[in-house]
Every structure is written in C-alpha cells, then in structure tokens.
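Every number in this text was worked out from the coordinates using simple rules, so none of it is lab data. Bear in mind the structure is a predicted one, so any value in this text is a computation, not a measurement. Note that we place each Cβ from the backbone using ideal geometry, even for glycine, and neighbour counts take in every protein chain shown.
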Amino acid sequence: MSFHLAGMDEQFILRVPPSVAERINRLLSENASSSEDKSLDLEFSEDGRTGTFVIGNDRFPASVLDLPCVVESYKTYDDSALVKTADVGQMILVRESGEASPDVVEYRHGLTPPMRDARKRRFRREPDLNPELVQRVEKDLVNIMSGGTVENLDILYTNFSIVSLVIIFGNCW
C-alpha cells in the first residue's frame with residue numbers, strides 16, 4: 001500500500017550535456033514556434049532505468065540513477081516562505097550518443113562539489129558478510145529463542161568449587 005501526499009510532486013534531477021542544455025535554454029527562453037527544437041520528450045524502456053531523451057529530431061540515450069542521498073526541493077510564492085515540494089532521490093543522466101552507459105544504478109557523486117564521491121567518503125562501507133554464515137547464525141538464534149540449543153556445538157561441562165582460605169595469625173605483638 002502506498003500513500004501519495006497531496007501537493008507532493010515526483011521530481012528528478014535532469015543532467016544533460018552542455019550542448020543539449022544550451023538547446024533547452026533556447027527553447028525555454030524563446031518563442032517555441034520560432035525554434036527548430038519544438039518538442040522535448042523522454043521515453044523509457046521496460047526496465048525503467050534506461051531510455052531516450054528527445055529534443056527536436058535528435059535522440060540521446062538516458063539513464064535513471066539513484067543519488068547517494070536525498071535532496072529536498074522547495075518553491076516559494078512570495079519570496080519569503082518556502083514550501084517543500086518533493087524529496088528528490090533520482091537523477092536522469094542524458095549522454096551523448098557515443099558515450100558508454102553507466103554500469104551501476106547508484107550515482108557515485110552528489111549534486112554539489114562537497115558531495116563529490118559521497119558514497120565512498122561520507123557513508124560506511126557495506127560489511128563483507130558470508131550469506132551462509134548469516135543464515136546459520138539466524139537459525140541458531142531462532143533455536144535458542146525457542147528453547148533449543150545450537151546445532152553442531154560441543155558442550156563442555158566443568159565443575160568448580162569455591163574454597164575459602166582463612167589464615168589466622170596469632171598475636172604478633
């Protein structure tokens with residue numbers, strides 16, 4: 001079950017090559033009927049991670065990447081009060097036609113220079129755990145919690161006794 005909050009938009013960061021950014025700026029600033037780039041479109045394949053960005057008659061490959069941290073976006077109506085509009089957690093990366101597709105789903109860097117290589121510098125590394133060991137420990141914990149014992153465990157019984165030693169000194173003086 002998912003909840004969609006009223007007024008919250010789904011937003012993405014659109015990162016494009018400089019030549020495409022110039023064309024988008026020209027399209028937004030000029031009259032659309034006078035520009036040769038009259039349309040913008042974004043089409044995705046079945047996996048939802050790869051697609052095509054279309055501006056005018058040119059097509060550019062695009063990929064959806066997860067950002068290393070969530071960025072909040074705000075808007076204002078009166079230049080004094082900010083209203084949160086969305087949490088942005090993904091970026092659409094548009095590439096030139098010859099560039100290679102990213103091989104990971106998580107973008108390595110954040111959006112600003114201080115967040116360069118954020119995943120490596122700011123966050124804890126993923127632990128190197130053996131899945132079989134984790135599964136065995138989980139099974140042993142369930143056995144212990146249900147009143148059983150751990151499997152494949154040698155139990156060593158020991159006996160001990162407490163001996164109290166009292167030394168009585170005579171009257172030394």
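For Phe53, Phe44, Phe123, which order do you get if you count the other beta carbons within 10 Å of each Cβ and list the fewest first? It would help to have the intermediate numbers written out before the result.
On the way: Phe53 20, Phe44 14, Phe123 10.
Ascending Cβ contact count within 10 Å gives the list Phe123, Phe44, Phe53.
In terms of the ratio Rg/(2.2 N^0.38 Å) built on C-alpha atoms, what value belongs to the stretch 13-122? Please list the in-between numbers first.
Values: Rg = 16.1 Å, N = 110, 2.2 N^0.38 = 13.1 Å.
Taking N as the residue count of the stretch 13-122, the ratio is 1.23.
What is the local net charge at Arg119, summed over the other residues whose Cβ is closer than 11 Å to its Cβ (Lys, Arg +1; Asp, Glu -1)? Can you show the working numbers first?
Numbers: positive: Arg108, Arg116, Lys120, Arg121, Arg122, Arg124, Arg125; negative: Asp66, Glu106, Asp117, Glu126.
It works out to a net charge of +3.
Using label points projected 7 Å from each Cα along Cα→Cβ, tell me how many nm separate Asp79 and Leu14, to one decimal.
With each label point 7 Å from Cα toward Cβ, the separation is 2.6 nm.
Between Ser39 and Tyr157, what is the spin-label point distance in nm, taking each point 7 Å from the Cα along the Cα→C-beta axis?
8.4
Cut-off under 23 Å on the C-alpha distance; same-chain residues fewer than 8 positions from Lys84 excluded. Which lysines are left, in chain and number order?
Those lysines meeting the cut-off are Lys75.
Looking only at Tyr107, Tyr77, Tyr157, which one moves most when the chain is put into a Gaussian network model with springs between Cα atoms under 10 Å?
For the chain, modelled as a Gaussian network with Cα springs under 10 Å, the answer is Tyr157.
Under a 10 Å cutoff between Cα atoms, tell me which one of Ala100, Ala81, Ala62 has the largest fluctuation in the Gaussian network model of the chain.
Between Ala100, Ala81, Ala62, it is Ala81 that shows the largest mean-square fluctuation.
As an exercise, use a Förster radius of 22 Å and the Cβ-Cβ distance of Val150 and Phe123 to find the FRET efficiency, rounded to the nearest 0.05.
0.05
Using 0.36 nm times the number of residues separating Arg116 and Glu72, minus their current alpha carbon distance, what extension gain do you get?
Taking Arg116 through Glu72 to full extension adds about 14.0 nm, to one decimal.
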